[in-house]
Structure formats: C-alpha cells, structure tokens
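Below is one structure, written out as structure tokens; the observations come after it.
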Amino acid sequence: MEGTKVHFIYANKMGEKYLKRYKKYFRDPEIREFDMQHEQWLFGGEQYTAPVLQAIDEFMELAAK
C-alpha cells in the first residue's frame with residue numbers, strides 16, 4: 001500500500017538469503033540488523049533483548065507519526 005513502511009528485525013546469523021528476500025519483496029524496507037541468531041533475542045539474555053526491544057519501540061514511534 002502506498003505510504004506504508006515495512007520494518008524488519010534481521011538477525012544476520014540467519015543468513016544473507018533472508019536479507020535479500022526482504023529487499024526483493026518490499027520496497028525500501030527499514031531493516032535493523034543485529035549480530036545474533038534468529039530468536040536469540042528472546043532467549044539470549046538482556047544483551048540481545050534490550051537492543052531489539054528498543055528498535056521495536058522506535059518502529060512503533062515512527063508508525064504513530
């Protein structure tokens with residue numbers, strides 16, 4: 001939909017194919033890249049959780065504008 005912005009949390013240890021897929025199927029996606037395995041932010045402790053939750057908060061603030 002015109003004017004819609006798509007946001008992704010990308011764990012770069014998932015592999016480059018996912019990043020390429022996001023860029024192929026979504027126009028100008030906002031991708032936040034983190035050095036972790038997928039879902040590690042859920043189970044890897046505060047060092048992973050805090051930055052991902054901060055990024056999600058920022059995405060939500062952008063969406064509210």
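The values are calculated or read from the model by the stated rules, or taken from the named source; none is laboratory data. Because the structure is predicted, anything quoted here is derived from the model rather than measured. A quick note on method: Cβ atoms are made from the backbone with ideal geometry, for glycine too, and the neighbour counts reach across all protein chains shown. For accessibility, only protein heavy atoms count, side chains too; no ligands or nucleic acids. Shrake-Rupley method; radii C 1.70, N 1.55, O 1.52, S 1.80 Å.
Quick look at the values:
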| quantity | calculated |
| --- | --- |
| Restricting the stretch 1-26 to residues that are charged (D, E, K, R) and in contact (Cβ under 8 Å) with a residue 12 or more places away in the chain, the residue that is farthest from residue 63 (Cα to Cα) | 13 |
| Residue under evaluation residue 56, criteria (1) assigned to a helix (DSSP H, G or I); (2) over 12 Å from the mean Cα position of the chain (by Cα), criterion not met | (2) |
| Pick from the stretch 26-53, criterion open to solvent by 70 Å² or more (accessible area, probe 1.4 Å) and part of a helix (DSSP H, G or I), ranking: modelled with the lowest pLDDT | 42 |
| Extreme residue, most open to solvent (accessible area, probe 1.4 Å), among residues of the stretch 54-65 that are among the hydrophobic types (A, V, I, L, M, F, W, C) and free of Cβ contacts under 8 Å to residues at least 24 places away in the same chain | 60 |
| Boolean, residue 16 is open to solvent by 50 Å² or more (accessible area, probe 1.4 Å) and at negative phi | yes |
